[in-house]
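See below for the structure under consideration.
The values are calculated or read from the model by the stated rules, or taken from the named source; none is laboratory data. On a predicted model such as this, the values are computed, not experimentally measured, just so you know. Glycine gets a Cβ as well: all are built from the backbone with ideal geometry, and neighbour counts include every protein chain shown. Heads up: the accessible areas ignore ligands, DNA and RNA and are worked out on the full protein's heavy atoms, side chains in. Shrake-Rupley method; radii C 1.70, N 1.55, O 1.52, S 1.80 Å.
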Amino acid sequence: MVKVGGALDEEMTRACADIRQLAGQGCSVVVVHGGGAEADRLTGELGRTTRYLTASDGRRSRYTDAAALDALTMAMLGRVKPALVGALSAAGVPAVGLSGADGGLVTARRNRPARVRVDGREQVVRDDLSGRIGAVDPRLLLTLLDGGFVPVVSPPALDPATGLLNVDADRLAARLAVALEADWLIILSNVPGLLRDPGDPASLVTELPAGQLPYYTGLAGGRMKVKLRSAGEAYLAGVARVVLADGRLPSPVLAARAGAGTAFVKGAP
Ligand SMILES: Nc1ncnc2c1ncn2[C@@H]1O[C@H](COP(=O)(O)OP(=O)(O)OP(=O)(O)O)[C@@H](O)[C@H]1O
Ligand SMILES: [Mg+2]
């Protein structure tokens, strides 16, 4: 399982040649991608602004009202995914794009109304269309993998009762990796991995003992926190090799497999 981070922007396609190589060796590869940066850009082009919610515990997330979900879906399914599928196809990979809503892949439940801060004002937000992933049904992915295809999965997911919901792409990759019993979960972003000091690329944490996850999650900034929690969940659920690695490298997936980045390891608190 390879998650290509939206923060990589045009460097998201760096992983394509590696995926071609791995698929050529007979590996089953599934790609999940994010696209926060592209969603922000499209929102600006539409003359709208991206807003954020800050929860009482300090966590910041995208305020996904109906207009924001619309922009996010257009960015993911109309821009980021076609670019990835195009680049994979150009590299000779039979890529197939789908979203969490296709074939009952990912069912999500809408987050409850919550008291949060928006633009500095505390309020109860009732129209946020974000959700938590509930059930995952990997049958469609297994069918595609069986046929020799490389699935490229995008948020959003579907709540059968209410419609599309924004879900976090790292969590989506982690849950699919667990459901598929993947050997690897490689999460690529625009940083070398988990940094002790986000301002210092040399402060890379190379090994992250699973028992120390709470300590490291405390160390990480907002968006890295979500990534660590998702990666940790996948590791604890049985994905043997979970790595956060640098997607900007020329050969990012092979580098991660060869030991670059932050790897989860067994270890007590
Ligand atoms: N301790 C840390 N180590 C590394 N990165 C950190 C840390 N704390 C915060 N970050 C931030 O986390 C960011 C990566 O998360 P972000 O969600 O922005 O990217 P992404 O997951 O690749 O994109 P998307 O969510 O669109 O897929 C880095 O660019 C960095 O600024
Ligand atoms: Mg992210």
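Condition (residue is surrounded by 13 or more Cβ atoms within 10 Å (Cβ to Cβ), more than 10 Å from ligand 1 (Cβ to nearest atom) and among the hydroxyl-bearing types (Ser, Thr, Tyr)) applied to the range 196-206: is it met by at least one residue?
yes
Which numbered condition trips up VAL29, out of (1) within 16 Å of ligand 2 (Cβ to nearest atom); (2) at pLDDT 95 or above; (3) open to solvent by less than 20 Å² (accessible area, probe 1.4 Å)?
Condition not satisfied by VAL29: (1).
For ALA260, work out the one condition from (1) within 17 Å of the chain's Cα centre (by Cα); (2) not in a helix (DSSP H, G or I) it doesn't fulfil.
All conditions pass for ALA260, except number (1).
Only one of ALA135, ALA108, ALA83 is in contact (Cβ under 8 Å) with a residue 24 or more places away in the chain, surrounded by fewer than 18 Cβ atoms within 10 Å (Cβ to Cβ), among the aliphatic types (A, V, I, L, M) and not in a helix (DSSP H, G or I). Can you tell me which?
Details: ALA108 fails: surrounded by fewer than 18 Cβ atoms within 10 Å (Cβ to Cβ); ALA83 fails: not in a helix (DSSP H, G or I).
That would be ALA135, the only listed residue that is in contact (Cβ under 8 Å) with a residue 24 or more places away in the chain, surrounded by fewer than 18 Cβ atoms within 10 Å (Cβ to Cβ), among the aliphatic types (A, V, I, L, M) and not in a helix (DSSP H, G or I).
Being under 17 Å from ALA157 (Cα atoms), part of a loop (DSSP other than H, G, I, E, B) and touching a residue at least 60 places away in the same chain (Cβ under 8 Å): is that true of THR73 here? Even if it seems obvious, please write down each step before you answer.
On the way: under 17 Å from ALA157 (Cα atoms): yes; part of a loop (DSSP other than H, G, I, E, B): no; touching a residue at least 60 places away in the same chain (Cβ under 8 Å): yes.
Criteria not met by THR73.
For residues in the range 28-43 being under 11 Å from LEU84 (Cα atoms) and hydrophobic (A, V, I, L, M, F, W, C), which is nearest to ligand 1 (Cβ to nearest atom)?
VAL32
Determine which member of the set LEU172, LEU140 is in contact with a Gly (Cβ under 8 Å, 6 or more places away or on another chain), among the hydrophobic types (A, V, I, L, M, F, W, C), surrounded by fewer than 24 Cβ atoms within 10 Å (Cβ to Cβ) and in a helix (DSSP H, G or I).
Numbers: LEU172 fails: surrounded by fewer than 24 Cβ atoms within 10 Å (Cβ to Cβ).
Unique residue meeting the criteria: LEU140.
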